[in-house]
Structure formats: structure tokens, C-alpha cells
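**Q** Dumping the structure here so I can ask a few things about it.
The values are calculated or read from the model by the stated rules, or taken from the named source; none is laboratory data. Just so it is clear, the structure is predicted and the values come from calculations on it, not from any experiment. With ideal geometry, Cβ positions are generated from the backbone for all residues, glycine too; neighbour counts draw on all protein chains shown. Surface areas here come from the heavy atoms of the whole protein model, side chains and all, with no ligands, DNA or RNA. Shrake-Rupley method; radii C 1.70, N 1.55, O 1.52, S 1.80 Å.
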Amino acid sequence: MAPTVGIKRSPAATQTVTAPPPSPPDARFAVREAVKSTLADPAPGARLDAPAPALEGFLCLEEIEGRRWKYVVDAASGNSSRRKGRRAGSAVPLGASVRAVPLQSPLPPAEEIMAFVRSYVVPEGFPDSVTPSYVPYMTWRALKHFFGGAMGVFTTRTLLSSVGVSQSKVTPGAIAINWILKDGAGRVGKMLFARQGKKFDNDVKQLRFSSDLLLEIGAGIELATAAFPQFFLPMACVANVVKNVAAVTSTSTRTPIYKAYSRGENIGDVTAKGESVGNIADLLGTGLSIFITKRNPSLVTSFALLSCGYLLSSYHEVRSVVLNTLNRARFTVAVDSFIKTGYVPTLKEGNSQETIFIHPWRHEPVEIGSRFGEAFQEPVSFVATRPLFEDERYMVTYNPTKDKVYALLKDQAKPDDILKAAFHAHVLLHFINKTHERKRMNPDRSDHYGSLHPRNMDFLAHIAESSKIVSSSYGTFRKKAKEQGWIMSESLLNPGKARLCVTRPQ
């Protein structure tokens, strides 16, 4: 019971107040006191000579990258500790220690060096962490960077000589200004080419090889400054623009390629090791080129040999990439194989048959997402073709004057509709090519297909026949493509932006 305290408020009255119970001790104070009591000296009479429990034998196994260690109790160390006494201020005697015993002999020095090198050039978990085509790709990539590093020494030496570094009559300020202008022009070219957008994702391998071709063209222009030093600035600016366009193209296509090789969430590791391999090969090529240039070899001969090696390595590097997405080139290979044999090629077969180098003036027989005016010559052809595609989100026709099949997309078209339109366009192209072959084999045959002014209408029967085949075979094509590992949910066919609107304008 708390004591009663009297408080005198005024001479006239006195009030009795009951004091509150004492507050509990502060929590931090309680913890502090508990720690102090634990670390305090033992109370008098406590036993100080209680022996620690004996520990003997095997504890556990540990494995690191295929090498194993066994952890055991070091009994000899424990007994020695107990003979020496107890730790000062502690009630517990010193116990036995843990000893690691390797279960294999130490690696030879050569293998230790190789393990160190592998940690810089291959991803963790190799080869299970990457796809099987990773090794040939990195081999050709290293060889390409080796030739590129060697060629860089020749181009840099030529540029420095052309700008006037070796000439005492040229002031350092003029040299610096020319060099800065050259680099500035290259940055402008890199910035302007970045507007290509999704093309970097659609045709990865084609753009990658094209970037290496541009790099060689830029290097050739730089070497040409040795013959025309008075035109150093314009030639160097053009060369740097070309090389920077090649650089931005190569950088933009790098991630999709590395992504194709990674298994799991290791894209960063695969990218880092791939760039490390390229840098090592580049340094080796640079060192070899420095040694060669001391003997003053022929500039033209050296450049020709290094360029051939670089482009050959680049071609095989890109050829070894195996992607599971369908761009125009791989889609054409898959559909043509299915039409002719009923078989969809595997990922490796489809990528190996893909066209890598596509020159700008090449005729493309199929165009997807084209405009109305390009596809139809006259209104009657559109009116006659439209009923065949009432239930589809696209239309397909053939323009004989341009010798091209056009797939027009409606505004409701989804990625699968784009794939189906492209499939239908290739089926129609197959019928058109068969007709042309028959015409070449039998030139005396007279029909409307061989008239001087053919129209879309002349091929309406082919369009109707192709529609029947597509309705019965497209599902089979999709199923077989998925079974082979092709991703059919995304369309990388780079269709045009034009769409046919179903509703009429108000």
C-alpha cells in the first residue's frame, strides 16, 4: 500500500493525496544490467574447473568449384589449450579448434593459372550457364577483335602522320583543332543514326555484320589520308562518322546476342566476360601490330590482309549466333521449308540458312504493312479481293508491275495476325513463282498471266487458292514451329505503319 501524503493547500483546508506506484525500470537500463551480470566475475563458490565437452572427429564437407575440403576437430589443439589453462576472466576453458583438410592434391601451377584466366573469360557455371553455340561465337569474336586491334595501330599511325604530328611546321594547336573536329563529326553521326529504333532488334545479325563492313570502310578512308594529307579534315570527318555509325550499331545489337547465350539470370555475367575476351584479343592484336610496324611493311598489303581476316571472322561470328525469334530472314526460311517439305527447321538449321548480308538494292518479294496505293493498281482489284478477307485482320495481293506480294494490315491486327499475314504472303508468292516457272518452261503458252499489262485481278484465282491453304495449314505451321523452339508470340517482321481502317470517315 502506497504511503499517504498530506498537502497543505491553504490555511483553511488540507487535502490527502495518494502517491502513484513507482514506474518500472527503463528497458535499456535492464538490458545493460543483464549484460553486466553475464560478463561479471563468477560468484564465490562457483566451480571454475568444469572441463569443456570433448569434441572428436569429422564435422562437415565443403565444395568450391569441384574441389572439396573436410572439416575436422583438431583434438591435439584442444588438449593443448586445456593444459595451458583457461582464458582470463572466463569460466569456459579453451576448446578444440577446427582444421580444414583438402581431399585432393594441390593444383599444378599451370592449372592454377588457367583457373585464374577462366575467371576472366568464361561466365560462372560454364558450360552449363550458356548455350552450346557460345564457344564458337566467342572464338570468332576474339579472332575478329585481334584483327581489329592490329588494324587500329595502322590507322592511328596514318592519321597522326597525315594531320602533321611528324612535321615541325605544323603547330600543336592546329593539330588539336583538326583532331577535335574529326571526333565531333563522329559523335554527330552516332547521334543521328540512333533514330533507327526497332530495326536494331529486328535484324540483329544483319546489322551486326553491316556495322563491321562500315568499320572497314571507315578504316580504309583513314588510311587514304596518307595519300591526300591536304584533305585530312574532310576525309577524317567522313571516316569518323562512318566508324561511329558502326559503333552505335554494334553496341545496340550486342545485348540481344548475349541474351541468346545466357541461361537464367546471368546476362550481366555473359556480357562482362564477352567484352573481356574482346579486350584481351584487341590488346594481343595491338601488340603484334606494333611489332610488325617497326619493320615498315606495305600499308596496302597489311590493310588488305587484316581486313580480310576481320571480315571473315565477323561473318563466322554472326553466322554462329542462334536466335529463337523470327525476323524476316528466318521467317522466310521457316515458311519456305514448310511449304516445300511440310517440315519446320530447327533453331540451328533456320539460323544457318538465314541470309546475313542484304545489300541495299536487293529486291524484296514480300512487303508487310504496305500502303494501299502500293498494293493495288485499280479500285476493281481491291473490291474483288476484299470479300476473301472479311474474316481476317489483313489482306494479301500481288502487284505484277512491281513483282511483289503485299500484305495490308487492318487496324485491329495483333502480332499473331501479322505472322499469319506474312505466312499467307509467302504462300501466295509460292503460287506466283510456280506460275512464272511454268511460263518460262512453256513460253508459247498464251494466257492473261503473260499479257503486256497484267493486273491484280489476273491473279485473283491464286489469292483465293492460297486463302484455302492458309486456313488449313497455318495452325499446323504454328504448332510445328513451337515444337522446334521458335518463339511465335512476338513479331520481329518489322511491318510498315500503314493500317486499313474498317470504319468510314464521318
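**Q** Any residue in the stretch 328-344 that is within 13 Å of residue 356 (Cβ to Cβ) sitting within a Cβ distance under 6 Å of a residue that is of a type outside the set (Gly, Ala, Ser) and assigned to a helix (DSSP H, G or I)? List the pairs, counting only those 6 or more apart or interchain.
**A** none
**Q** Residues of the stretch 257-269 being β-branched (Val, Ile, Thr) and under 19 Å from residue 314 (Cα atoms), which ones? Talk me through it step by step, then tell me what you get.
**A** First pass over the stretch 257-269, keeping only residues β-branched (Val, Ile, Thr): 257, 267.
Correct list: 257 only.
**Q** Here's something else I'd like to know. State all residues of the stretch 248-266 that are in contact (Cβ under 8 Å) with a residue 60 or more places away in the chain, of a type in the set (A, V, I, L, M, F, W, C) and touching a helix residue (DSSP H, G or I) at 6+ places or on another chain (Cβ under 7 Å); if no residue qualifies, say none. Walk me through it before giving the result.
**A** The initial filter retains those residues of the stretch 248-266 that are in contact (Cβ under 8 Å) with a residue 60 or more places away in the chain, namely 256-257, 260-264, 266.
Filter once more, so that each one left must be of a type in the set (A, V, I, L, M, F, W, C): 257, 260.
The answer is 257, and nothing else.
**Q** Same structure, new question: Taking the stretch 340-361, which residues are surrounded by fewer than 13 Cβ atoms within 10 Å (Cβ to Cβ) and not aromatic (Phe, Trp, Tyr)? Can you show your working first?
**A** Of all residues in the stretch 340-361, those surrounded by fewer than 13 Cβ atoms within 10 Å (Cβ to Cβ) come to 340-343, 357, 359-361.
If the condition is that a residue be surrounded by fewer than 13 Cβ atoms within 10 Å (Cβ to Cβ) and not aromatic (Phe, Trp, Tyr), then 340, 341, 342, 359, 360 are the ones that fit.
**Q** Got at least one residue in the stretch 332-351 being within 27 Å of residue 312 (Cβ to Cβ) and of a type in the set (Ser, Thr, Tyr)?
**A** Taking the stretch 332-351 and keeping what is within 27 Å of residue 312 (Cβ to Cβ), we get 332-333, 345-351.
This time we only want the ones that are of a type in the set (Ser, Thr, Tyr), so: 332, 346.
Yes, the stretch 332-351 contains at least one residue that is within 27 Å of residue 312 (Cβ to Cβ) and of a type in the set (Ser, Thr, Tyr).
**Q** Is it the case that residue 117 is more than 30 Å from residue 260 (Cα to Cα) and at pLDDT below 90? Even if it seems obvious, please write down each step before you answer.
**A** Working: more than 30 Å from residue 260 (Cα to Cα): no; at pLDDT below 90: yes.
So residue 117 fails the test.
**Q** Here is a list: 232, 209. Which entry is open to solvent by less than 40 Å² (accessible area, probe 1.4 Å), part of a helix (DSSP H, G or I), modelled with pLDDT of 90 or more and not aliphatic (A, V, I, L, M)? Quick ask: steps written out before the conclusion?
**A** Values: 232 fails: modelled with pLDDT of 90 or more.
Exactly one of 232, 209 is open to solvent by less than 40 Å² (accessible area, probe 1.4 Å), part of a helix (DSSP H, G or I), modelled with pLDDT of 90 or more and not aliphatic (A, V, I, L, M), namely 209.
**Q** If we scan the stretch 310-320, do we find a residue that is modelled with pLDDT of 90 or more, crowded, with 18+ Cβ neighbours inside 10 Å and not in a helix (DSSP H, G or I)?
**A** Yes, the conditions are met somewhere in the stretch 310-320.
**Q** Further question: When only residues in the stretch 80-113 that are surrounded by 12 or more Cβ atoms within 10 Å (Cβ to Cβ) and in a helix (DSSP H, G or I) count, which is modelled with the lowest pLDDT?
**A** Selected residue: 81.
**Q** Can you tell me how many residues within the stretch 257-306 are assigned to a helix (DSSP H, G or I) and crowded, with 17+ Cβ neighbours inside 10 Å?
**A** We begin by selecting, within the stretch 257-306, every residue assigned to a helix (DSSP H, G or I); these are 257-261, 267-293, 299-306.
Restricting the remaining residues to those that are crowded, with 17+ Cβ neighbours inside 10 Å gives 257-258, 260-261, 269-271, 273-274, 277-278, 280-282, 285-286, 289, 302-303, 306.
Residues that pass the stated criteria total 20.
**Q** Can I ask one more? Kindly indicate the residue of the stretch 462-495 that is among the small types (Gly, Ala, Ser) and in contact with a helix residue (DSSP H, G or I) (Cβ under 9 Å, 6 or more places away or on another chain) and also farthest from residue 397 (Cα to Cα) among those meeting that condition.
**A** Initial filter on the stretch 462-495 (among the small types (Gly, Ala, Ser)): 464, 466-467, 471-473, 475, 481, 485, 489, 491.
From what is left, the residues that are in contact with a helix residue (DSSP H, G or I) (Cβ under 9 Å, 6 or more places away or on another chain) are 464, 466-467, 473, 481, 485, 489, 491.
Values: 464: 10, 466: 11, 467: 11, 473: 19, 481: 25, 485: 31, 489: 25, 491: 21 Å.
Residue satisfying both the conditions and the ranking: 485.
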